[in-house]
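The values are calculated or read from the model by the stated rules, or taken from the named source; none is laboratory data. Keep in mind that what you see is a predicted model, and the values were worked out from it rather than measured. Backbone-built Cβ (ideal geometry, glycine too); neighbour counts: all protein chains shown. We work out accessible area using only protein heavy atoms, side chains counted, and drop any ligands, DNA or RNA first. Shrake-Rupley method; radii C 1.70, N 1.55, O 1.52, S 1.80 Å.
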Amino acid sequence: MAYDLEEQEQIESLKAWWAKYGTAILGIVAVCLLAAAAWNGWNWYQRRDAAQAMAQFEVLEKAADAGDIARVKDSAGTILENFGRSAYAPRAALIASSAYAKAGDARSAKAQLQWVVDRSKDDALVPVARLRLAGLLLDEKAYDDALKQLSASRPDAFAALFADRRGDVLIAQGKRDEARAAYKEALDKLDPATDLRSSIQLKLDALGGA
């Protein structure tokens, strides 16, 4: 009988404990289950978006290779609008920009490059976009705007390329001494094994540089 009484006390204690904490425990369990479901749903959503972005990117590459500007515009627009936060977006903008430039549509080409500059988080793609944008601005004789792009921060790996393009802009402005300094800087920072050295050296020699 003593055992039954002890068992009954334990049951009563458990009931009291559950009455006090049971609702909170059920709430925590529900939150955990909802969080797990949300996480799984988010992962599924991300995988679906990545697959769709990749499919559009492949369409864009084929359209660019074929020179089909209408399809380039459609595919690039879809990627930037619907998958702008994906890794495909800045690459799509660069491809579209090249296609537009080849088609003689400098305005659209610049818009795509500006999108990369303004919105891409990829440190390797932003300087590429700035270099190309500076080149298009140079062609339009928008020298100050081109130099503004080339004065932006960039990884050290791009220092020589930025200096070379800056030299091109400066020589177009008639600033021979500054252009000479820029080309020398490019040679100083350039890998000795790269083929680009010879073309920069030719430009420097034409200016009477050492």
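Those residues that are within 11 Å of the chain's Cα centre (by Cα) and among the charged types (D, E, K, R), I need them from the stretch 91-134; list them, please.
Those that are within 11 Å of the chain's Cα centre (by Cα) and among the charged types (D, E, K, R): Arg91, Asp118, Arg119, Lys121, Asp122, Asp123.
Those residues that are in a helix (DSSP H, G or I), open to solvent by less than 70 Å² (accessible area, probe 1.4 Å) and without any contact (Cβ under 8 Å) to a residue 24 or more places away in the chain, I need them from the stretch 171-184; list them, please.
Ala181, Ala182
Please tell me if Leu113 is in contact (Cβ under 8 Å) with a residue 24 or more places away in the chain and under 30 Å from Ala87 (Cβ atoms).
No.
If you go through the stretch 153-163, how many residues are under 19 Å from Ala181 (Cβ atoms) and either open to solvent by 20 Å² or more (accessible area, probe 1.4 Å) or of a type in the set (Ser, Thr, Tyr) (or both)?
So the count comes out to 4.
When you scan the stretch 70-100, how many residues do you find that are open to solvent by less than 50 Å² (accessible area, probe 1.4 Å) and either in contact (Cβ under 8 Å) with a residue 12 or more places away in the chain or more than 18 Å from Gln52 (Cα to Cα) (or both)?
Counting residues in the stretch 70-100 that are open to solvent by less than 50 Å² (accessible area, probe 1.4 Å) and either in contact (Cβ under 8 Å) with a residue 12 or more places away in the chain or more than 18 Å from Gln52 (Cα to Cα) (or both) gives 20.
Output the number of the condition that Ser198 fails; it satisfies all remaining conditions of (1) hydroxyl-bearing (Ser, Thr, Tyr); (2) free of Cβ contacts under 8 Å to residues at least 24 places away in the same chain; (3) closer than 30 Å to Gly67 by Cβ.
Of everything listed in (1) hydroxyl-bearing (Ser, Thr, Tyr); (2) free of Cβ contacts under 8 Å to residues at least 24 places away in the same chain; (3) closer than 30 Å to Gly67 by Cβ, Ser198 misses just condition (3).
Condition first: at pLDDT below 95, of a type in the set (Lys, Arg) and either open to solvent by less than 30 Å² (accessible area, probe 1.4 Å) or at positive phi (or both). Now tell me which residues in the stretch 114-152 satisfy that.
Matches in the stretch 114-152: none.
Pick out the one residue from Asp118, Asp123, Asp168 that is among the charged types (D, E, K, R) and over 20 Å from Ile95 (Cα atoms).
Working: Asp118 fails: over 20 Å from Ile95 (Cα atoms); Asp123 fails: over 20 Å from Ile95 (Cα atoms).
Step by step, each of Asp118, Asp123, Asp168 is checked, and only Asp168 is among the charged types (D, E, K, R) and over 20 Å from Ile95 (Cα atoms).
Any residue that is surrounded by fewer than 20 Cβ atoms within 10 Å (Cβ to Cβ), of a type in the set (S, T, N, Q) and either touching a strand residue (DSSP E or B) at 6+ places or on another chain (Cβ under 7 Å) or more than 28 Å from Ala99 (Cβ to Cβ) (or both) - is there at least one of those in the stretch 194-201? Outline the logic, then answer.
Quick first cut of the stretch 194-201, residues surrounded by fewer than 20 Cβ atoms within 10 Å (Cβ to Cβ) only: 194-199, 201.
Now narrow it down to the ones that are of a type in the set (S, T, N, Q): 194, 198-199, 201.
Narrowing the set further to residues that are either touching a strand residue (DSSP E or B) at 6+ places or on another chain (Cβ under 7 Å) or more than 28 Å from Ala99 (Cβ to Cβ) (or both) leaves 198, 201.
Checking the stretch 194-201: at least one residue is surrounded by fewer than 20 Cβ atoms within 10 Å (Cβ to Cβ), of a type in the set (S, T, N, Q) and either touching a strand residue (DSSP E or B) at 6+ places or on another chain (Cβ under 7 Å) or more than 28 Å from Ala99 (Cβ to Cβ) (or both).
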